[in-house]
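What follows is a set of notes on a single structure, which appears directly below.
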Amino acid sequence: MTGDLARLLDGPAHGLAAAVSAREVRARDVAGAALLRAGRSRERHGAFLHVAGEDAIEAAAEVDRRVAAGEALPLAGVPIAVKDNVHVAGMPTTAGSRILGAFVPPEDATCVARLKAAGCVVVGKTSCDELGMGSTNETSAFGPVRNPWEPTRVPGGSSGGSAAAVAARAVPLAVGTDTGGSVRLPAAFCGLVGVRPTFGRVSRLGLVAFASSFDQAGPLARHARDAALALEAMSGADPRDATSLPGASPDLLSRLDDGVAGLRVGLLDDEEGVHPDAAAALSATARLLASRGASLVPLRLPRLALGVAAYYLIAAAEASSNLARFDGVRFGARAAGDGPAELVRATRAAGFGDEVKRRVLLGTFALSAGHREAWYERAQRVRTRIALDLGEAFRACDLLLSPTAPGPAFPIGEKSGDPLSLYLTDVFTVPASLAGLPAVAVPAGLSRERLPVGVQLAGPAGSEALLLAVARELEAARGPWTAPPDVIR
Ligand code: GLN
């Protein structure tokens, strides 16, 4: 790999796109180099489940032709990785599960089609927790993913492969999906910027549904500007997704360098259970924002703590309904069975892993006659209450600053036998998911063990531009970011 290509792949996506647009480098050469790195990242970290081949080179050559014809492409020739629960035409989708068998989608998810239209080249599909259910990538049917900061640790989940690939410099940008925190948590564990958009901002067409009232695709990047470029490209109304928000993509770039002067930053008083290094990163971030002209607003929102319980009930209920389609009859894997009922039973028994089965059981129970009022409906009331509380909070402040995760990445295997303690890892990310609000995970330094710790910025609906501007300010104040020890070269 020539030095120029290596430097471009190590740098920001916007720099790479500028070089391709100026025809200083060919997108096809960048794609070739990124494919090599993706292959290594599959071997070293298990980040990829599928690495593209000649198809990616051809797609990149097409980008070169479009650039030569004078087309302005905001992400010209940027190689990206896509979480394996999001469809890329012609590449297998497994969603980290055996239940889909050898399914190859005939068309791109809308968000992928839009990234391609902006000049991106998909170099592979990344590992994830099975069907998006998990916080560590350990529930994937195809093995765990290693964190490039410390390969014995989890990368976070469920978009763990996407985060590991970006952190290790295999690609500058990746697509993840966030139901209860699956973009933000891996971003925090791998030292990246990760965006969960306002619900409906990004079309859900072509995502393998987990919990339809929560699922959103969002970018993982090493730089705030790259996350803004990617989100802008992915966003916008989609006539084929009835829950997509009307209107064109929001402008996320023109206010990116606006700074934080005059901003009211809400800070929760409750830091119970937060690792001291994560708490220290949070206070350092708050002080930094204050020194740049923001004012800090102390807030009490005790009901946010109910978010985990409400989220895991509602998300499981929606999953149990969404996953009913995987029956071995219509598509995907099929196990042998004596008669139709036995075929469905055998297919689902063999095709789903333990965590997915746990959710299907929990969700079916929460929706069943006699229990629905006590569980599902009560959880829905908590959801509404949390949305109202956050709405109220956003009258007193412009955004809420919190940790993204209670602590840094933990060792692979440490919590896999204890689902409850894993679910609690999501305590800071689920409130925005329940309320349909945008939230951005931003790196906030390293722990004493030299593992990334992140902070989360959550705002009212449609506040992505503001949140990314704050992320950009934090990044500028922090200076150049150290690379993880285990980068791919
Ligand atoms: N960790 C959460 C869960 O397991 C969130 C997953 C996600 O956002 N896809 O449900």
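The values are calculated or read from the model by the stated rules, or taken from the named source; none is laboratory data. Worth saying up front: this structure is predicted, and the values here are computed from it rather than measured. All Cβ positions, even for glycine, are placed from backbone atoms using ideal geometry, and neighbour counts span all protein chains on display. Each accessible area value is taken on the protein alone, full model and side chains, heavy atoms only, with ligands, DNA and RNA left out. Shrake-Rupley method; radii C 1.70, N 1.55, O 1.52, S 1.80 Å.
The set of residues in the range 257-278 being surrounded by fewer than 18 Cβ atoms within 10 Å (Cβ to Cβ) and touching a Cys at 6+ places or on another chain (Cβ under 8 Å) consists of ARG264 alone.
If you check GLY119, GLY124, GLY143 for being over 16 Å from ALA217 (Cα atoms), open to solvent by 10 Å² or more (accessible area, probe 1.4 Å), among the small types (Gly, Ala, Ser) and in contact with a Gly (Cβ under 9 Å, 6 or more places away or on another chain), only one passes: GLY143.
Please tell me if GLY391 is assigned to a helix (DSSP H, G or I), more than 18 Å from the chain's Cα centre (by Cα) and touching a residue at least 40 places away in the same chain (Cβ under 8 Å). Judged against the criteria, GLY391 is a match. Filtered by the rule that a residue be assigned to a loop (DSSP other than H, G, I, E, B) and open to solvent by 10 Å² or more (accessible area, probe 1.4 Å), the range 454-487 gives PRO460, ALA461, GLY462, SER463, GLY479, PRO480, TRP481, THR482, ALA483, PRO485, ASP486, VAL487. The residues in the range 333-386 that are in contact with a helix residue (DSSP H, G or I) (Cβ under 6 Å, 6 or more places away or on another chain), more than 30 Å from LEU301 (Cβ to Cβ) and of a type outside the set (Gly, Ala, Ser) can be counted, and the count is 4. Counting only strands (runs of 3 or more DSSP E) that fall entirely inside the range 169-254 and contain at least 3 residues that are polar (S, T, N, Q), open to solvent by less than 10 Å² (accessible area, probe 1.4 Å) and in contact with a strand residue (DSSP E or B) (Cβ under 6 Å, 6 or more places away or on another chain), no element qualifies.
Only one of the listed residues (GLY134, GLY101) is within 19 Å of PHE210 (Cα to Cα), within 16 Å of the ligand (Cβ to nearest atom), part of a loop (DSSP other than H, G, I, E, B) and open to solvent by less than 40 Å² (accessible area, probe 1.4 Å). That residue is GLY134.
The residues of the range 387-404 that are over 29 Å from ALA317 (Cα atoms), touching a helix residue (DSSP H, G or I) at 6+ places or on another chain (Cβ under 9 Å) and open to solvent by 10 Å² or more (accessible area, probe 1.4 Å) amount to a single one, ASP398.
Would you confirm, using the coordinates I've provided, whether SER162 is over 17 Å from PRO408 (Cα atoms), in contact with an Asp or Glu (Cβ under 6 Å, 6 or more places away or on another chain) and more than 10 Å from the ligand (Cβ to nearest atom)?
No: the conditions fail for SER162.
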